[in-house]
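Q: Okay, here's the structure, questions in a sec.
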Amino acid sequence: MGNTHGNKADFDSLFHDVTTKLLERLPDEVTFYPGHGKNSTIAASARHCRSGANAAGEAISRACRGA
């Protein structure tokens, strides 16, 4: 999605925008071509985001707290 430099508020904002402006609006079969990594579909990215959101959010929270 993008680098948020360990800032939880930035991560939350970016995650919200990607979810509401892309994943919830575009059909599952849409293929996209990211600036890095492999091509993917909206469906595959939605699954990945849902499964990784909590883990990523927790990691960012720990980094922000210096834990």
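The values are calculated or read from the model by the stated rules, or taken from the named source; none is laboratory data. Values in this document were obtained by computation on a predicted structure and should not be read as measured data. Cβ sites come from the backbone with ideal geometry, for glycine too, and all protein chains shown count toward neighbours.
Q: Pairs needed: first member in the range 10-31, among the aromatic types (Phe, Trp, Tyr); second member anywhere, assigned to a helix (DSSP H, G or I); C-beta distance under 7 Å; at least 6 residues apart or different chains.
A: Partner pairs satisfying both residue conditions: 11/56; 11/57; 11/60; 15/53.
Q: Against the conditions (1) at pLDDT below 80; (2) on the phi > 0 side of the Ramachandran plot, where does residue 54 fall short? Just the number, please.
A: So the condition that residue 54 fails would be (2).
Q: Still on this structure, please answer the following. Out of 62, 25, 47, I need the residue that is at pLDDT 70 or above, among the basic types (Lys, Arg) and assigned to a helix (DSSP H, G or I). Which one?
A: 47
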